Amino acid sequence: MKELLLVGVGSMGRPYLDAALRMGCSVRAVESRAGAPNLPAGTRAEFHLVDHALDESWLLGALRAAGRGAPDGVVGFAETHVTAAALLQDRFGLPGPSLQAAVISRNKGLQRMVCAAAGVGQPGFLLAPTLADAREWAAEHLPVVVKPLTLGGSLGVEQLSTAEALEDALGRRGGDRLLVEQAVEGPEFSWEAVVRDGAVLFENTTAKETTAPPYFVELTHRCGHRFDDPRTADAVSGFTRGVLAAIGMRTGLVHLEFRLGPQGPALMEVAVRTPGDYLAEAICLSYGFDLYEAVVRLALDLPLDGLLRPGPSRYAAVHYPRCPPGRITGISGLAEIAAHPFVVRISVDRGVGDSVAPMRSSSQRIGHAVVVAPTVEAREETLEFVRSRLRITTAG
């Protein structure tokens with residue numbers, strides 16, 4: 001019996017656990033104490049809890065879980081799990097993205113350095129100890145985007161378009177190391193790929209909608225995007241493979257974000273883990289296969305046996321509704337939306353009386369909808385149905 005060590009479970013990582021158990025594997029899973037209430041009861045899995053959801057804590061939990069013998073495979077679920085999983089994969093000689101790729105994926109500054117050396121398309125940038133150290137460069141390259149090196153979910157990402165905005169940011173941003181880069185004008189996409197030994201076995205492009213500058217919070221993801229222009233499609237294909245080579249990607253799941261600018265694709269960031277925002281679920285719905293099982297099979301060095309599908313059979317999207325900031329006074333339309341045949345799920349995480357802050361990061365979004373339809377046109381009609389029927393009113 002194969003044994004999988006799963007670093008991080010949560011709610012969105014549960015399909016990895018389910019896939020491994022369905023395949024007849026035994027599972028050791030590491031989870032934080034805060035996430036323990038979400039763990040399933042009565043399974044064959046062995047759970048190890050850690051006190052804090054920090055990279056180092058996950059490593060300690062993973063080492064303890066591996067203490068009674070090397071597993072046959074290791075999967076790290078989310079961003080803070082990547083390093084711990086890669087260290088164990090490296091220690092035991094197991095398939096994985098590579099320790100190099102994991103370290104680079106956890107630091108946007110390192111991503112910029114290795115991609116610059118490899119000639120991969122990306123914005124002009126400056127790595128600085130503080131924004132004050134980057135003041136002169138930023139003033140000469142406006143508009144610029146300021147990014148923390150390691151945070152996710154668009155937390156701390158901000159576009160500064162004018163000299164006044166730069167001066168304001170200088171007065172309120174702390175002294176953490178950061179990346180300052182030239183803003184790239186153009187539509188935003190992500191690219192998700194299943195990779196084995198550096199070869200791309202499956203790929204999906206997701207078209208994105210975000211809030212306007214300065215914060216770029218992601219609002220809608222549309223899977224199964226196709227570029228109509230063959231030259232653009234070829235450029236994106238070469239670009240994505242170039243990023244994989246630059247970071248030293250070997251085996252696993254990749255989530256890469258880019259903008260299609262005037263000079264072609266430009267890297268925003270790359271991660272060697274499961275994409276957030278229910279994108280993995282949307283990919284499963286679009287292509288008709290279990291992406292989670294594919295990742296488990298890669299980790300255990302098992303054949304994929306025709307599991308992957310080359311193109312979408314349906315078209316899924318994930319949408320995050322918005323409302324004006326303030327105190328929620330009413331929510332309507334949920335039952336009507338949930339009854340729509342192409343709506344998989346609609347969820348609002350706030351209730352009447354709750355406060356809604358101005359949206360500056362993905363953590364401040366108030367709910368989500370997952371839809372899937374037989375055609376692109378039907379998907380767009382369904383998204384419009386969700387937008388028009390959901391009413392969240394606020395005051396103050």
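Using unit Cβ charges (K, R positive; D, E negative) and no other charged atoms, how large, in debye to the nearest 20, is the dipole of the stretch 316-395 about its Cα centre?
Around 320 debye, computed over the stretch 316-395.
What does the charge dipole of the chain about its Cα centre add up to, to the nearest 20 debye, if the Cβ of each Lys and Arg holds +1 and the Cβ of each Asp and Glu holds -1?
Details: 39 positive and 44 negative charges, 149 e Å.
The dipole of the chain has a size of about 720 debye.
Given the DSSP H assignment, sum -39500 (n - 2.57) over each helix run of at least 4 residues in the chain and divide by its residue total; what's the result at 222 nm in deg cm²/dmol, nearest 500?
It lands at -9000 deg cm²/dmol.
In bins 5 Å wide, starting from 0, what share of all Cα pairs of the stretch 124-182 does each bin hold, as a percent?
With 5 Å bins starting at 0, P(r) equals 4, 22, 37, 27, 10, 1.
Once the dipole of the stretch 289-354 is set up with Lys and Arg at +1 and Asp and Glu at -1 on Cβ about the Cα centre, which of Ile337, Leu308, Leu298 lies farthest towards its positive end?
Highest projection toward the positive end goes to Ile337.
Could you order peptides 279-288, 232-241 by the average number of other Cβ atoms within 10 Å of their residues, highest first?
Going by the mean number of other Cβ atoms within 10 Å, highest first, we get 279-288, 232-241.
Roughly how many debye, to the nearest 20, is the charge dipole of the stretch 124-182 about its Cα centre, given +1 on each Lys and Arg Cβ, -1 on each Asp and Glu Cβ, and no other charges?
220
I'd like to know which of Gly24, Ser11, Pro71 lies farthest towards the positive end of the charge dipole of the stretch 3-94, counting +1 on Cβ of Lys and Arg and -1 on Cβ of Asp and Glu.
Highest projection toward the positive end goes to Gly24.
Along the charge dipole of the stretch 124-182, which of Leu131, Pro143, Ala163 sits closest to the positive end, that is, farthest toward it, with unit charges on the beta carbon of Lys, Arg, Asp and Glu (+1, +1, -1, -1)?
Leu131
List every residue whose amide H lies under 5 Å from the amide H of Val50, counting only residues 5 or more places away in sequence or on a different chain, with H placed 1.01 Å from N in the peptide plane.
When sequence neighbours closer than 5 places are left aside, the close amide H contacts are Glu31, Ser32, Arg33.
Would you give the gap between the C-alpha center of the stretch 268-308 and the C-alpha center of the stretch 371-391, rounded to a whole Å?
So the separation of the two Cα centres works out to 25 Å.
In the stretch 30-85, which trypsin sites (Lys or Arg not before Pro) are in a loop and have at most 16 other Cβ atoms within 10 Å, using DSSP for the loop call?
Details: sites: Arg33, Arg44, Arg64, Arg68; in loops: Arg33, Arg44, Arg68.
Those that pass, being in a loop and sparsely packed, are Arg33, Arg44, Arg68.
Arrange the following residues from fewest to most other Cβ atoms within 10 Å of their Cβ: Tyr315, Tyr16.
In increasing order of surrounding Cβ atoms, one gets Tyr315, Tyr16.
On each of the three principal axes of the Cα atoms of the stretch 1-68, give max minus min coordinate, whole Å, ordered largest first.
Taking max minus min along each principal axis of the Cα atoms, the stretch 1-68 gives 30, 25, 17 Å.
How many percent of DSSP beta bridges within the chain run antiparallel, rounded to 5? Can you show the working numbers first?
On the way: 59 of 73 bridges.
Counting only bridges with both partners in the chain, antiparallel ones make up about 80 percent.
Under the Kirkwood approximation for Rh and a Cα-based Rg, what ratio Rg/Rh is obtained for the stretch 328-396? Please report the intermediate quantities before stating the final value.
Working: Rg = 13.1 Å, Rh = 13.0 Å.
In the stretch 328-396, Rg relative to Rh is 1.01.
Once the cut-off is 17 Å, how many percent of the Cα-Cα pairs in the stretch 18-169 end up in the long-distance tail?
Values: 8066 of 11476 pairs.
The share of Cα pairs beyond 17 Å in the stretch 18-169 comes to 70 percent.
Largest first, please: the extent of the C-alpha atoms of the stretch 90-206 along each principal axis, to the nearest Å.
Principal-axis extents of the Cα atoms in the stretch 90-206, largest first: 50, 33, 26 Å.
If we count other beta carbons within 10 Å of each Cβ, what is the order of Leu383, Leu201, Leu5, fewest first? Could you put the intermediate results ahead of the total?
Values: Leu383 21, Leu201 16, Leu5 29.
Ascending Cβ contact count within 10 Å gives the list Leu201, Leu383, Leu5.
Lys147: which aspartates and glutamates have alpha carbons under 13 Å from its alpha carbon, excluding same-chain residues fewer than 8 sequence positions away?
Glu158, Asp176, Glu181, Glu269
What is the distance in Å between the Cα centres of the stretch 220-245 and the stretch 98-165?
Taking the Cα centre of each part, the stretch 220-245 and the stretch 98-165 sit 22 Å apart.
Bear in mind these aren't lab numbers, they're just calculated from the coordinates by the rules spelled out. In this text, all values refer to a predicted model and were calculated from it rather than measured experimentally. Heads up, the Cβs are rebuilt from the backbone with ideal geometry, glycines too, and the neighbour counts pull from every protein chain shown.
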